[in-house]
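Notes for the one structure printed next.
Read-outs: derived from the displayed coordinates by stated rules, not from any lab. Everything quoted here is computed from the prediction, not taken from an experiment. All Cβ positions, glycine included, derive from the backbone under ideal geometry; neighbour counts span all protein chains shown.
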Amino acid sequence: MDRIWVLAETGEQGPTPLTLELLAAARGLAPRVEAVAWGPGTASIAGVLGEHGASRVYDVGDLAGALPGAPVAAAMAALVERGERPDAVLFPASYDGRDVAGRLSVRLDRPVLTNVTGLSVRDGSLVTEHPVFGGAQIVHARFTGEGPGIYVVRAKSFAAASAGGAAAEVVAAPAGDVGPTGAARIVERHAEEASGPKLDEAAVVVSGGRGLGSADSYALVEELARLLHGAPGASRAIVDAGWVPYSHQVGQTGKTVKPTLYVGWGISGATQRLVGMKGAKSIVAINKDREAPIFSVADLGVVGDVHKVLPALIEALRSRS
Amino acid sequence: MHVVVCVKQIPDPAAPGSLRKDTLTLDRSGKLVMDDSDSYGVEMALQLASGVDGSEVTLVSMAPGSETSGLRTALAMGAADAILVSDDALAGSDALSTAKVLAAAIRRAEPDLVIAATESTDGYTGTLPVQVAELLGMPSVTFAKRVSTDGTTIKVERQTEAGYDDVECPLPAVVTVTAGVVEPRYPSFKGIMAAKSKRIDVLGLADLGIDAAEVGSRGAREEVLDVADAEARGGGEIVVDEGDGAQRIVAFLEQLKVI
Ligand SMILES: Cc1cc2nc3c(=O)[nH]c(=O)nc-3n(C[C@H](O)[C@H](O)[C@H](O)COP(=O)(O)OP(=O)(O)OC[C@H]3O[C@@H](n4cnc5c(N)ncnc54)[C@H](O)[C@@H]3O)c2cc1C
Ligand SMILES: Nc1ncnc2c1ncn2[C@@H]1O[C@H](COP(=O)(O)O)[C@@H](O)[C@H]1O
């Protein structure tokens, strides 16, 4: 393991937390780590990327509103064709990360390993960890063909840490013409406003599920989150039902949270749910069904009705402050 | 407008999943059903097709044993016909091989729009539809939560970290939809009866001109090394609320020093 690439995504405040987690992972596996980024501000994030271990950042440049999947994959494939040969490419398990990984897979004719939650080197090859059955079991896998291996890594699998490196060298890596594959254009962006700590960074996450019974009851979940200085989360069932925006979803298709405390109200704890919150330090679950799977991971489980316990808890906390 | 929907047929998710001891892959023997995730794609396709004159919906699936029961469910919802790729040599295919097979089948249908789910219930790699798009030379818009089309362009509200983006894209294109975007219809009795006589083309690898050595377990370029039990969380305390549930939680929070 000699050289690893990391797809670097930029958010409002520079590289996303997951990008920094991937850089930390890569640093632990190979001596040479390089990033690939796009957008108008790559030069301005070269400092942070370098600090977290990237010696170089390939800059695909401003995509003028195009979705990144096709152009960024094309730019990476062009680099490989020019003789830049990473042993592995790490992608964040994000919307755009998965798009670029899928397209690069076809361009390089290499399969992709997704839902990776751990990486280690065994006998010279990179071995992946994948949680199955809600994280009850871990599958170890690896690529057998020629490299580079393509890996899509889940959030919170590694801890980000500064390595104190110098700013990464910025090298232009334009995509060139990608024809019709690059024709999807963003015409407008919409942000759903949120107050309080961000769901995937909060120390306390209070989540609600279908057991709340109605959209109105979700206000109680938000209220409890506020009282505990945490963020409100949701199960997919109530996101699909339109009670809360998707940005609140915790789980396989939503956010991965690793708070100090997670409290779940009326959530069954399906496997796709558990992989998103099982890493919490302490878990409290309230469900009227004694057999609900969430109780198998709870430190404190309360078999009861959310409509009784939740208002009583809010009342108790209010009277303390 | 010709809309193709990818429909994966999977083991009943209600039955507990298990790994085969010999290959360490998911046990896919037994009867298959339509992946629930794809019912949203089928519904979306039917709705979009009904808005553009002269439209039709074709299903495409790759599944072992010439399995059609999941396809019949989607035909009963209103799709016109289906293409099924089934070949013994496909067992053990990785996602890229599956994408190559599906892309070859989809190309035959000459679609204007291809719809898939963002991720399947049993495999959830979530990369397959984009691989198909790249193989077909088409643009793709993943994570669509709202879609409209006039037959030449699609407009999509695409989920993002912060909210959503309005995305526009000329056809042909690949779109992936998330669960909950539309309410899948229940097949009517008439639909179920009509589905029985709808056409399902069953193709093998030779029909698609794909070399059997490049797909399936022979062509797979990844292997499972072992499966280990995850570190179990210590069994916690379960209490039944007898009016003291909230107090028990307060005590627990105090102990954690959260309050
Ligand atoms: C590919 C795929 C990806 C998925 N990704 C995610 C994901 O990211 N996140 C996610 O959450 N899910 C995900 N799911 C869905 C998941 O499988 C479950 O369907 C979902 O988590 C269920 O949500 P729920 O627990 O709110 O609802 P339910 O399963 O309906 O559970 C409701 C619970 O509330 C309890 N209850 C009811 N009334 C009360 C009451 N008055 N008081 C107390 N308890 C009560 C019930 O006993 C039950 O346990 C995914 C599924 C698939 C197939
Ligand atoms: N064998 C298959 N047959 C038809 N469609 C499939 C198949 N495999 C995957 N798909 C489609 O691609 C989506 C993503 O699959 P996956 O990559 O397994 O998460 C699925 O939800 C389906 O819409």
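See the values below:
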read-out: Prolate/oblate/rounded call for the stretch A:199-320, Cα gyration tensor, a/c under 1.5 rounded; value: rounded
read-out: The stretch B:2-219: relative contact order as a whole-number percent, Cα under 8 Å and 6+ apart; value: 26
read-out: Theoretical ellipticity at 222 nm over chain B - DSSP helices of four or more residues, -39500 (n - 2.57) apiece, nearest 500; value: -8500 deg cm²/dmol
read-out: For the stretch B:162-212 and the stretch A:183-254, distance of Cα centres in Å; value: 30
read-out: Relative contact order, percent, the stretch A:3-182 [alpha-carbon distance under 8 Å, six or more residues apart]; value: 32
read-out: Cβ-based charge dipole, chain B, positive-most Cα from B:Val3, B:Ala144, B:Thr118; value: B:Val3
read-out: Partner aspartates and glutamates for A:Lys288 [C-alpha distance under 16 Å; skip if fewer than 8 residues away on the same chain]; value: A:Asp305, B:Glu237, B:Asp241, B:Glu242, B:Asp244
read-out: The stretch B:111-259 shape via C-alpha gyration tensor axes, a/c threshold 1.5; value: prolate
read-out: Subset of A:Lys281/B:Lys8; A:Lys281/B:Lys31; A:Lys156/B:Lys257; A:Lys255/B:Lys190 violating a 31 Å alpha-carbon distance limit; value: A:Lys281/B:Lys8; A:Lys281/B:Lys31; A:Lys255/B:Lys190
read-out: Karplus 3J(HN,Hα) series, Hz, for the stretch B:217-222 with 6.51 cos²θ - 1.76 cosθ + 1.60 (x for Gly, Pro); value: 5, 5, x, 5, 10, 9
read-out: Cα-centre dipole for the stretch A:1-104 with unit charges at Cβ (Lys and Arg positive, Asp and Glu negative), debye to 20; value: 260
read-out: Pairwise centroid distance, computed over Cα atoms, of the stretch B:38-113 with the stretch A:285-309, Å; value: 41
read-out: Label zone at B:Val240, where the point sits 7 Å out along the Cα-to-Cβ direction: the stretch A:262-291 residues whose backbone N lies under 16 Å; value: A:287-291
read-out: Chain A: relative contact order in percent, alpha carbon pairs under 8 Å with at least 6 residues between; value: 16
read-out: Positive dipole terminus of the protein assembly as shown, leading residue within A:Phe133, B:Thr58, A:Pro148 (C-beta point charges); value: A:Phe133
read-out: Relative exposure of B:Leu225, A:Leu119, A:Leu90, A:Leu23, judged by other C-beta atoms within 10 Å (fewest first); value: B:Leu225, A:Leu119, A:Leu90, A:Leu23
read-out: Ranking of A:Val303, A:Val106 by count of other Cβ atoms within 10 Å, fewest first; value: A:Val303, A:Val106
read-out: Lys, Arg +1 and Asp, Glu -1 on Cβ, resulting dipole of the stretch A:3-182 about Cα centre, debye, nearest 20; value: 440
read-out: Sorted by Cβ density within 10 Å, fewest first, the residues B:Ile115, A:Ile267; value: B:Ile115, A:Ile267
read-out: Distance from the stretch A:14-66 to the stretch A:131-177 (C-alpha centre basis), Å; value: 12
read-out: Cβ charges +1 (Lys, Arg) and -1 (Asp, Glu), total dipole of the protein assembly as shown, debye; value: 620
read-out: Among B:Leu203, B:Thr160, B:Ser69 the positive-end extreme of the charge dipole of the stretch B:2-219 (Cβ point charges); value: B:Ser69
read-out: Helix-derived mean residue ellipticity, 222 nm - over chain A, DSSP H n ≥ 4, -39500 (n - 2.57), to 500; value: -7500 deg cm²/dmol
read-out: Gained length - B:Arg108 relative to B:Phe189, 0.36 nm times residue gap less alpha-carbon distance; value: 26.1 nm
read-out: Approximate spin-label separation A:Asp62-A:Gln137, in nm, with each point projected 7 Å along Cα-to-Cβ; value: 5.2
